[in-house]
Every structure is written in structure tokens, then in C-alpha cells.
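*Asks:* One structure, as C-alpha cells, below. Some questions next.
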Amino acid sequence: MSMVLTERRGSVTVLTLNNPAQYNALAASLLGDLGQALDAAIEDSDVRAILLTGTGKGFCAGAQLGGGNTFAAGEQIGASMRASINPVIEKMRASSKPIVVAVNGAAAGAGVGIALAGDIVIAARSARFILSFVRLGAALDGGTSLFLQRSIGVARARALALTGQPLPAEKAEQWGLIWKMVEDADLLNEALAITQGLADGPPVSIGLIKSQIDAAWNASLASTLDDEASSQSRAFVTEDLREGAAAFVEKRPARFTGR
């Protein structure tokens with residue numbers, strides 16, 4: 001049985017981490033299934049947006065501890081990460097299709113990185129984010145050393161990483177780590193509404209905006225302005241831009257086709 005469930009809802013693909021007995025811990029099999037499911041959704045021209053969530057009480061517990069391979073040699077751990085979780089994180093960030101993450105419970109360790117690799121992150125009130133690495137004597141991974149600083153600043157990121165204290169969803173929203181917190185019962189419907197809204201949007205524009213935001217983080221103002229000019233040149237030749245402009249003038253919803 002796949003550890004990632006895939007469901008199509010029109011132009012939206014819903015991916016659900018499906019190992020609730022282990023709180024969706026990042027076993028090699030789960031990461032492999034997630035990578036394949038992401039590839040399929042990204043390559044499917046009929047899919048315009050992706051929603052990622054988890055089953056059970058937890059979103060993702062991070063690395064799966066226990067078993068015979070947990071305490072392998074350092075070189076083996078590094079090689080394993082480069083072949084498993086790192087490509088998944090990079091795939092999520094590089095996707096031109098928007099990815100919404102609905103954090104249904106605790107996200108711990110690299111599970112925080114999986115969550116924050118999404119473009120829009122919402123969380124249930126009961127969810128919490130835990131950089132549990134220090135409790136295990138481990139280093140940060142899953143992109144958390146970058147994602148946390150970008151979202152909430154160095155001081156808060158450092159404190160969360162060094163203390164391992166849980167960050168409740170409500171405070172995660174207040175600090176800007178996530179887009180919003182919703183009541184547990186409303187999480188899936190809210191996440192689906194956001195994802196469908198993105199699916200109905202202009203794909204070229206969305207892909208360009210994703211790329212621009214990532215590129216601007218370490219770029220100079222001059223480089224950013226030049227990239228914006230190039231990106232706008234690409235956007236202005238699309239049929240979607242003409243449709244968006246016409247819809248604005250005519251005061252009606254735009255009907256974007258992806259062309």
C-alpha cells in the first residue's frame with residue numbers, strides 16, 4: 001500500500017501522507033512515494049494546483065527513528081538525505097504549480113521542512129511545529145535552517161532550534177511562519193478552497209511569481225528589477241494576461257486557460 005494517497009478533485013491533486021501509526025514519519029518508502037506522487041502531479045497538464053496534508057493525529061513526525069538503520073555512519077546519513085528528502089524539498093520549491101500544505105497535526109523535525117516547502121501553509125488549531133533536532137543531539141535538516149529564518153527572523157528561528165520548544169499554530173500564524181490557522185474541523189475545506197482558487201488562476205503568472213520570490217531572496221535590487229522586467233515580458237505575451245485585463249475592465253471573473 002502506498003504511503004501517499006493521491007486523489008484528483010478536478011484540476012487539483014490532493015496528496016495525503018498515509019502512515020498514521022508512525023505519525024507519517026519520513027521513512028524511505030514514504031519519501032519515495034511522495035517524490036513519485038509529486039512528479040506525477042507536476043507532469044500532469046490537467047493538474048493546476050497541489051494540496052499536501054496528512055492522515056491521523058500528526059502531519060509529519062520527521063525522521064523515522066528505531067529499526068536497524070537509524071544510527072548509521074554520518075556519511076551514510078548524508079548520502080541518504082541527498083537521495084531522499086532533499087530532492088522532495090527541491091521538487092516542491094521548483095514546481096511551477098502552486099502547492100498548498102494543510103498541517104493537520106504536529107509537524108516535527110524534517111516534517112517542519114516538508115510543511116514550509118509549500119507555497120501557502122495553513123494549520124489546524126491543534127497543530128504545532130517542533131524543531132526536535134536538538135532533543136536528539138542532531139543538526140537541522142529538511143531546509144529548516146533556511147525556511148525558519150526567512151519566515152520569522154533569525155532570533156526566533158535560533159531560539160526555536162536551540163530549545164526545541166513547540167510552536168503552537170496560533171503563534172505560528174502571529175509570527176508569520178504560516179499563512180493562517182483555522183479550526184480543526186475547517187482545515188480540509190479551507191485548504192481545498194485555497195487550492196482550487198489557485199488552480200483557477202493564471203498558471204504562467206503563478207509560476208513566474210513563485211520563481212521571482214525565491215530568486216529575490218539573495219539577489220541585489222538591480223538584479224531583481226531586471227528579473228522582474230524579464231518575467232513581465234513573458235507574462236505579457238500570454239492569452240491569460242489579455243483575458244485578465246479584459247475581465248478587469250468588464251468587471252467579471254477572469255477565465256484563465258493556461259495559455
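The values are calculated or read from the model by the stated rules, or taken from the named source; none is laboratory data. Remember, predicted model here, so these are calculated numbers, not experimental data. Positions of Cβ are generated from backbone atoms using ideal geometry, with glycine treated the same way; all protein chains shown enter the neighbour counts. Note: accessible area is taken over every heavy atom of the protein model, side chains too, but ligands, DNA and RNA are not part of it. Shrake-Rupley method; radii C 1.70, N 1.55, O 1.52, S 1.80 Å.
*Asks:* Taking Gln64 as the residue in question, decide whether it is among the polar types (S, T, N, Q), over 20 Å from Asn189 (Cα atoms) and in a helix (DSSP H, G or I). Please lay out each step first, then the result.
*Replies:* Details: among the polar types (S, T, N, Q): yes; over 20 Å from Asn189 (Cα atoms): yes; in a helix (DSSP H, G or I): no.
For Gln64, the condition - among the polar types (S, T, N, Q), over 20 Å from Asn189 (Cα atoms) and in a helix (DSSP H, G or I) - is not met.
*Asks:* Based on what the data block shows, is Ala219 over 25 Å from Thr13 (Cα atoms) and under 26 Å from the mean Cα position of the chain (by Cα)?
*Replies:* Against the criterion (over 25 Å from Thr13 (Cα atoms) and under 26 Å from the mean Cα position of the chain (by Cα)), Ala219 qualifies.
*Asks:* Of the residues Ala219, Ala245, Ala235, which single one is farther than 20 Å from Ile42 by Cα and either touching a helix residue (DSSP H, G or I) at 6+ places or on another chain (Cβ under 6 Å) or in contact (Cβ under 8 Å) with a residue 40 or more places away in the chain (or both)?
*Replies:* None of the other options fit; the residue is Ala235.
*Asks:* Also, quick follow-up: For Thr55, indicate whether it is out of contact with any helix residue (DSSP H, G or I) (no Cβ under 9 Å at 6 or more places or on another chain), under 26 Å from Glu173 (Cβ atoms) and hydroxyl-bearing (Ser, Thr, Tyr).
*Replies:* No; evaluated as a whole, the condition is false for this residue.
*Asks:* Looking at segment 3-12, is at least one residue closer than 18 Å to Ala117 by Cβ, in contact with an Asp or Glu (Cβ under 7 Å, 6 or more places away or on another chain), open to solvent by less than 40 Å² (accessible area, probe 1.4 Å) and not acidic (Asp, Glu)?
*Replies:* yes
*Asks:* Right, here's the next one. I'd like to know if segment 20-37 contains one or more residues that are surrounded by 19 or more Cβ atoms within 10 Å (Cβ to Cβ) and within 23 Å of Ser211 (Cβ to Cβ).
*Replies:* The answer is yes, given that some residue of segment 20-37 is surrounded by 19 or more Cβ atoms within 10 Å (Cβ to Cβ) and within 23 Å of Ser211 (Cβ to Cβ).
*Asks:* Here is a further query. For Leu162, all conditions in the list (1) touching a helix residue (DSSP H, G or I) at 6+ places or on another chain (Cβ under 9 Å); (2) open to solvent by 40 Å² or more (accessible area, probe 1.4 Å); (3) modelled with pLDDT under 95 hold save one; what is the number of the exception?
*Replies:* Failing condition for Leu162: (3).
*Asks:* Here is a further query. Would you say Val47 is under 23 Å from Ile120 (Cβ atoms), modelled with pLDDT of 95 or more, hydrophobic (A, V, I, L, M, F, W, C) and over 15 Å from the mean Cα position of the chain (by Cα)?
*Replies:* Considered against the rule, which asks whether it is under 23 Å from Ile120 (Cβ atoms), modelled with pLDDT of 95 or more, hydrophobic (A, V, I, L, M, F, W, C) and over 15 Å from the mean Cα position of the chain (by Cα), Val47 comes out as yes.
*Asks:* Which of (1) of a type outside the set (Phe, Trp, Tyr); (2) touching an Asp or Glu at 6+ places or on another chain (Cβ under 6 Å); (3) at pLDDT 95 or above is the odd one out, the single condition Leu177 does not satisfy?
*Replies:* Failing condition for Leu177: (2).
*Asks:* Then there is this: How about segment 78-158: which strands (runs of 3 or more DSSP E) wholly inside it have at least 1 residues that are open to solvent by less than 30 Å² (accessible area, probe 1.4 Å) and of a type outside the set (A, V, I, L, M)?
*Replies:* In segment 78-158, the matching strands (runs of 3 or more DSSP E) lie at 128-130.
*Asks:* Taking segment 166-176 as the search range and keeping residues that are over 18 Å from Gly58 (Cα atoms) and under 16 Å from the mean Cα position of the chain (by Cα), which one is surrounded by the fewest Cβ atoms within 10 Å (Cβ to Cβ)?
*Replies:* Among them, the one singled out is Gly176.
*Asks:* Kindly establish whether Leu187 is open to solvent by less than 50 Å² (accessible area, probe 1.4 Å), assigned to a loop (DSSP other than H, G, I, E, B) and not aromatic (Phe, Trp, Tyr).
*Replies:* Answer is no for this residue.
*Asks:* May I ask you to list the residues in segment 200-217 that are outside any helix (DSSP H, G or I) and surrounded by 15 or more Cβ atoms within 10 Å (Cβ to Cβ)? Write out each step before concluding.
*Replies:* Our first condition is that a residue be outside any helix (DSSP H, G or I); within segment 200-217, this holds for 200-202, 217.
Result: Asp200, Gly201, Pro202.
*Asks:* Say whether the condition of being within 15 Å of the chain's Cα centre (by Cα) and touching a residue at least 24 places away in the same chain (Cβ under 8 Å) is met by at least one residue in segment 149-164.
*Replies:* Scanning segment 149-164, I find at least one residue that is within 15 Å of the chain's Cα centre (by Cα) and touching a residue at least 24 places away in the same chain (Cβ under 8 Å), so the answer is yes.
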